[in-house]
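Here the structure is laid out as structure tokens; the discussion comes afterwards.
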Amino acid sequence: MTQACILGCSGLELTPQEKAFFRDVRPWGFILFKRNVDTPDQVRALVEALRDCIGRSDAAVLIDQEGGRVQRLGQPHWRRYPPGRAYGELAGNDMLARREITRLGARLLAHDLAAVGINVDCVPVLDVPDPSGHEIIGDRAYGDTPDAVGLLGRAAAEGLIAGGVLPVIKHMPGHGRAKSDSHLALPVVEASYEELAERDFPPFRMLSDMPMAMSAHVVYTAIDAKRPATTSRKAIRRVIRGELGFDGLLMTDDLSMKALSGDFTDRAKASLAAGCDIVLHCNGDMDEMKAVVAGVGSLSGKAQRRAAAALGRIARAPEPFDVEEARARFDAAFDGRYAA
């Protein structure tokens, strides 16, 4: 039976121990990082090996390929892409032009990812940055207003879907006000519910139809003063499923981030009990992965239906696409700043 988890691996190819572990555990999917990336042929072979371990050719293989600071596939084999903010600063006040180029950039990303077998990208970032917030979001955001973030986030998601890659909206219900990096500490946001509803929630509500989303390891005192959204029934049921209307597959952010406390089994159990469908563990540490798996069960019920529905959004064939023309148009929009 498929387990409700997404796991990483340690290097450029699977070790015998990893092969045996994944065959036994059968996670729903996998995630790749820079430590797993060398050449296109190597990445393609690793993706095939991961899917072979669990006997599912459609298994989700994820990556964080945003552009800017967060780009796992990079030079010399893959072109550079701009951060989200660069799209929001294009073409003066012409939002239609910005949307067109944002979609085009995501379509090019999807082309790169699909070529090596990756079918899920953890994009778009829908967080609206606050001037007093930590720089962990910063230029990863498409703009400074909910409308700009939502409009360009939609364009990015549509570009990925058109290229046969699933988007993951993140970080629900909004990381922009956090004053610390949740990789290193637990952020606490003390804004009122009304403030959150006015500024942080709207982009996620605009994209509530997306197939996948990632939770934020952030405490919102107006929602649940004790628990971060990832492990909060109030945050998931009242806000993410209720206020924001999201009924797609909800995955956690990385369970190994220091924002969370407790052992890995407890973290996994708490996330699923709160209402997350699937847990994510990224660093490929075997002992940690074993502890995570001990806290999850088989993917079933609503979570299983959401997972199947998400994979069902992957087009059997991407829309027609002239990649050379697209690259030339993209480079012209940015005056060659991100040309390969």
Around M172, which amide H atoms from residues at least 5 apart in sequence, or from another chain, sit under 5 Å from its own amide H, with H modelled in the peptide plane? M214, S215, A216
What ranking of H281, H175 emerges when the number of other C-beta atoms within 10 Å of each C-beta is taken as an exposure proxy, fewest first? H281, H175
Using the alpha-carbon centroid of each, what span in Å lies between the range 237-254 and the range 148-226? 10 Å
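Considering only Cα-Cα distances, which of the following residue pairs are longer than 28 Å: K179/K302; K269/K302; K19/K226; K170/K269; K19/K234; K34/K234? The partial results should precede the final answer.
On the way: K179/K302 34 Å; K269/K302 17 Å; K19/K226 39 Å; K170/K269 21 Å; K19/K234 38 Å; K34/K234 35 Å.
Beyond 28 Å: K179/K302; K19/K226; K19/K234; K34/K234.
Hey, fewest Cβ within 10 Å first, where do I314, I240 land in order? Working shown, then result.
Numbers: I314 17, I240 26.
So the ranking, lowest neighbour count to highest, is I314, I240.
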Starting from the Cα of R237, step 7 Å along the direction of its Cβ; do the same at F334; then give the gap between the two resulting points in nm. 4.4 nm
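What ranking do 2-14, 292-304, 158-170 get when scored by the average of other Cβ atoms within 10 Å per residue, highest first? Intermediate values should be presented prior to the final figure.
Values: 2-14: 20.5, 292-304: 17.3, 158-170: 23.8.
Packing proxy ranking, top to bottom: 158-170, 2-14, 292-304.
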Would you mind calculating the gained length between R316 and D285 on full extension (0.36 nm times residue separation, minus the Cα-Cα distance), in nm to one decimal? 7.8 nm
Using amide H atoms built in the peptide plane, which far-off residues or other-chain residues are under 5 Å from Q3 H to H? W28, L299
Amide H of V61 versus every other amide H placed in the peptide plane: which residues, excluding those fewer than 5 positions away on the same chain, fall under 5 Å? F30, N119, V120
For the range 123-135, just list the computed ³J(HN,Hα) in residue order, Karplus coefficients 6.51, -1.76 and 1.60, θ = phi - 60°, integers in Hz, with x standing in for Gly and Pro. 8, x, 6, 10, 6, 9, x, 9, x, 9, x, 5, 6
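Can you divide the C-alpha Rg of the range 232-300 by 2.2 N^0.38 Å and report the result to two decimal places?
Dividing the Cα Rg of the range 232-300 by 2.2 N^0.38 Å gives 1.11.
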Could you state the principal axis extents of the C-alpha atoms in the range 221-267, from the largest down, to the nearest angstrom? 30, 24, 14
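For a Förster distance of 25 Å, can you work out the FRET efficiency between the beta-carbons of T221 and R80, rounded to the nearest 0.05? Spell out each step's value before the answer.
Details: r = 39 Å, r/R0 = 1.57.
With a Förster radius of 25 Å, E is 0.05.
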Please report, to two decimal places, log10 I(q)/I(0) for the range 152-292 at q = 0.22 Å⁻¹ as given by the Debye formula with identical point scatterers on the Cα atoms and no solvent. -1.38
Label model pair K258, D52: point-to-point distance (7 angstrom along the Cα→beta-carbon line) in nm is 3.9 nm
From the phi of every residue in the range 46-58, what ³J(HN,Hα) in whole Hz does the Karplus formula 6.51 cos²θ - 1.76 cosθ + 1.60 yield, where θ is phi - 60° and glycine or proline is x? 5, 4, 4, 5, 4, 5, 4, 4, 9, x, 9, 5, 9
Once every DSSP H run of n ≥ 4 in the chain is given -39500 (n - 2.57) and the sum is divided by its residues, what mean residue ellipticity at 222 nm do you get, rounded to the nearest 500 deg cm²/dmol? -10500 deg cm²/dmol
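Can you put R327, R51 in order, fewest other beta carbons within 10 Å first? It would help to have the intermediate numbers written out before the result.
Numbers: R327 16, R51 19.
In increasing order of surrounding Cβ atoms, one gets R327, R51.
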For the range 287-302, take each phi angle, set θ = phi - 60°, evaluate the Karplus expression 6.51 cos²θ - 1.76 cosθ + 1.60, and give the result in whole Hz per residue in order, putting x for glycine and proline. 5, 5, 4, 4, 5, 4, 4, 5, x, 10, x, 5, 6, 8, x, 4
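Find the all-direction average of the projected area of the Cα convex hull for the range 113-220, expressing the result in square nanometres with one decimal place. All intermediate terms of the calculation are to be shown ahead of the outcome.
Details: hull surface 26.7 nm².
If you wrap the Cα atoms of the range 113-220 in a convex hull and average its projections, you get 6.7 nm².
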Mean separation of Cα contacts under 8 Å, 6 or more apart, over the residue count of the chain: relative contact order %: 18 percent
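Considering just Cα atoms, how many Å³ per residue does the convex hull of the range 213-340 enclose?
Details: hull volume 23.9 nm³, N = 128.
Given the Cα convex hull of the range 213-340, per-residue volume reads 187 Å³.
Between Q42 and E195, take the C-beta separation as r, use R0 = 30 Å, and let me know the FRET efficiency to the nearest 0.05. Display every interim value, and only then the final one.
Details: r = 47 Å, r/R0 = 1.56.
According to the calculation, E is roughly 0.05.
FYI, it's all coordinate maths here, none of it is from the lab. This one's a predicted model, so the numbers in the text were calculated from it and none came from an experiment. Ideal geometry is used to build each Cβ from the backbone, glycine not excepted, and the neighbour counts take in all protein chains shown.
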